[in-house]
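Colleague: A single structure is presented below for examination.
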Amino acid sequence: MKGSSQKNKILEQIQKQRRSQSRQNDSKINSLHFQGIQIQEFNKEIDEYLKTFPNIQQLGFQRCKIQSLNNLSEYKNINSLNLEENALEDGCVKLIVQKFPSLTFLNLKKNQIKEFNEIEQLKQLDQLTHLFLDKNPVCDVENFTSKVWDLLPKLKALDGKDKKGKVVKEKTEIYEDDEEEEDEEEEEVDDEDDDSFSISDDEEDEEYSEEEESESESNKKKKKVKK
């Protein structure tokens, strides 16, 4: 029952993302992001279902209390993985490297990674350019930031900043925990529920111009009558 309940919640969030991406065909969906589903550990049913989306490049499970990635298959096409605010511990990075070998973006913020030798395994992700690790116990290791930069020379941003400490200004809305997405969805629902008739600025201009034309024509007719 627990697995089916998880799948139902996943289905609900997929339906919302279908609408936001304006795509009904699952084969055309290229990003899936889930929030607040208490998955803890992936089962085969969820893994099989994820594989029905062959073109996914961006995948996120935030605040899902995930403790293990054991039952996931290999996803070579995914280049962005967001696992922020879960319960992943030492051992998870090895599985991430094995199952998501093409990552350019990885968010492991707010997990329970403790040992630096766990981070060292990220060297195997030779395309990785953006990494979030802050708010893990491992961040308390002495000279942690400089060690990560030395370990991953291809990295462009660590915890949202470049090697000099400057904020990297890039589009990150697809990776972050977006309350904006929820606001946009609420606005969309409000728009759908609003059956009242409204006129755009262009339509109003057209109406006014038509009224002006009709008024000018009637004035001309009045002048002719007077003559």
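Colleague: Taking the condition touching a residue at least 24 places away in the same chain (Cβ under 8 Å), β-branched (Val, Ile, Thr) and either surrounded by fewer than 15 Cβ atoms within 10 Å (Cβ to Cβ) or closer than 23 Å to LYS135 by Cα (or both), does ILE56 pass? Show your work before the answer.
Modeller: Values: touching a residue at least 24 places away in the same chain (Cβ under 8 Å): yes; β-branched (Val, Ile, Thr): yes; either surrounded by fewer than 15 Cβ atoms within 10 Å (Cβ to Cβ) or closer than 23 Å to LYS135 by Cα (or both): no.
So ILE56 fails the test.
Colleague: Restricting attention to segment 100-150, which residues are in contact with a strand residue (DSSP E or B) (Cβ under 9 Å, 6 or more places away or on another chain), of a type in the set (Lys, Arg) and more than 28 Å from GLN57 (Cβ to Cβ)?
Modeller: LYS114
Colleague: Can I ask one more? Quick one: is GLN24 at pLDDT 90 or above and open to solvent by 80 Å² or more (accessible area, probe 1.4 Å)?
Modeller: Working: at pLDDT 90 or above: no; open to solvent by 80 Å² or more (accessible area, probe 1.4 Å): yes.
So GLN24 does not fit the description; no.
Colleague: In segment 72-89, what count of residues is obtained for those that are over 16 Å from GLN38 (Cα atoms) and in contact with a strand residue (DSSP E or B) (Cβ under 8 Å, 6 or more places away or on another chain)?
Modeller: So the answer is 6.
Colleague: Just to be sure before I move on: is SER68 over 18 Å from the mean Cα position of the chain (by Cα) and loosely packed, with under 13 Cβ neighbours inside 10 Å in the structure I sent?
Modeller: On the way: over 18 Å from the mean Cα position of the chain (by Cα): yes; loosely packed, with under 13 Cβ neighbours inside 10 Å: no.
Judged against the criteria, SER68 is not a match.
Colleague: Read through the list (1) modelled with pLDDT of 90 or more; (2) at positive phi, then give the number of the only condition that GLN40 fails.
Modeller: (1)
Colleague: Follow-up question, since we're still on this one. From the list GLN67, GLN98, which residue is modelled with pLDDT of 95 or more, farther than 17 Å from LEU128 by Cβ and not charged (D, E, K, R)?
Modeller: Values: GLN98 fails: farther than 17 Å from LEU128 by Cβ.
Just a single option satisfies the conditions, and that option is GLN67.
The values are calculated or read from the model by the stated rules, or taken from the named source; none is laboratory data. As the structure is a prediction and not an experimental result, all values here were calculated from the model. Glycine also receives a Cβ, built like all others from the backbone with ideal geometry; neighbour counts cover every protein chain displayed. In case anyone asks, the SASA skips ligands and DNA or RNA and just uses the protein heavy atoms, side chains included. Shrake-Rupley method; radii C 1.70, N 1.55, O 1.52, S 1.80 Å.
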